[in-house]
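Colleague: The structure that follows is given in the form of structure tokens.
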Amino acid sequence: MRAAAALLRQVFAAEHADDAAATLNRLLKDRTGPLRLTSHGGSTPWHPHLDHDDDAPWDEWFLASSCMALTVLVWDRQCPPGRICASPGCQNVFITQGSGPERRFCSRRCATRERVAAHRRSRSAEQSSEVT
Ligand SMILES: [Zn+2]
């Protein structure tokens with residue numbers, strides 16, 4: 001799972017649609033099987049699979065299914081599907097949604113922590129310039 005997450009992380013690190021597409025194309029070529037529908041022998045509703053085997057291990061299923069979802073997002077939006085959180089201590093990835101101002105943090109918690117840290121830095125810079 002960890003290895004699969006590290007591979008997917010490269011897609012979230014892409015700055016432009018071209019980079020995201022190139023990274024996804026590499027993963028689709030090297031790490032996934034053919035796109036197909038399966039019902040697992042009639043035991044589930046029909047659904048798409050992109051892993052090498054309908055009963056592949058979880059990490060392979062996770063990587064293949066994530067590639068499929070991210071591919072659809074790049075196709076739909078023509079931009080990278082997400083980002084890596086700008087908070088240095090966090091580094092979570094997140095899916096960007098809709099239009100509006102570009103999101104830099106994974107959560108309100110990270111955004112607030114970084115805003116407070118920036119405020120403290122500017123305050124201490126002011127104070128040290130007052131002393132000298
Ligand atoms: Zn974060």
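The values are calculated or read from the model by the stated rules, or taken from the named source; none is laboratory data. Every value quoted in this text rests on a predicted model; they were computed, and no experiment measured them. A quick note on method: Cβ atoms are made from the backbone with ideal geometry, for glycine too, and the neighbour counts reach across all protein chains shown. Quick note on the areas: whole protein, heavy atoms, side chains included, nothing else; ligands and nucleic acids left out. Shrake-Rupley method; radii C 1.70, N 1.55, O 1.52, S 1.80 Å.
Colleague: Filter the stretch 99-117 down to residues that are within 13 Å of the ligand (Cβ to nearest atom), loosely packed, with under 13 Cβ neighbours inside 10 Å and among the hydroxyl-bearing types (Ser, Thr, Tyr), then give me how many there are.
Modeller: 1
Colleague: Another question, then. Which of (1) open to solvent by less than 50 Å² (accessible area, probe 1.4 Å); (2) away from the ligand (no atom under 16 Å from the Cβ) does THR96 not meet, given it meets every other one?
Modeller: For THR96, the exception is condition (2).
Colleague: Sort through ARG77, ARG120 and tell me the only one that's modelled with pLDDT under 95 and assigned by TED's automatic domain parsing to the domain that holds MET1.
Modeller: ARG77
Colleague: Report, ordered by the first and then the second residue, all pairs with beta carbons closer than 6 Å, sequence separation of six or more or different chains, a first member in the stretch 92-104 that is within 19 Å of LEU70 (Cβ to Cβ), and a second member that is in a strand (DSSP E or B) and open to solvent by less than 60 Å² (accessible area, probe 1.4 Å).
Modeller: What qualifies is VAL93/GLY82; VAL93/ILE84; PHE94/GLY82; ILE95/GLY82; THR96/GLY82.
Colleague: When you scan the stretch 4-116 for strands (runs of 3 or more DSSP E) that lie fully inside it, which ones turn up with 2 or more residues that are under 12 Å from the mean Cα position of the chain (by Cα)?
Modeller: The strands (runs of 3 or more DSSP E) meeting that bar are 82-84, 93-95.
Colleague: Is it the case that CYS90 is in the same structural domain as ALA4 (by TED's automatic domain parsing), within 20 Å of MET1 (Cα to Cα) and surrounded by 10 or more Cβ atoms within 10 Å (Cβ to Cβ)?
Modeller: Criteria not met by CYS90.
Colleague: A follow-up question, please. From the list ALA64, ALA86, which residue is away from the ligand (no atom under 16 Å from the Cβ), among the aliphatic types (A, V, I, L, M) and touching an Asp or Glu at 6+ places or on another chain (Cβ under 8 Å)? Can you show your working first?
Modeller: Working: ALA86 fails: away from the ligand (no atom under 16 Å from the Cβ).
The conditions single out ALA64.
Colleague: Another one. Taking GLN78 as the residue in question, decide whether it is open to solvent by 70 Å² or more (accessible area, probe 1.4 Å) and within 20 Å of GLU114 (Cβ to Cβ).
Modeller: Taking the combined requirement at face value, the residue does not satisfy it.
Colleague: Looking at THR112 and the list (1) over 22 Å from GLN10 (Cα atoms); (2) assigned by TED's automatic domain parsing to the domain that holds MET1, which single condition is not satisfied?
Modeller: Here THR112 clears every test but (2).
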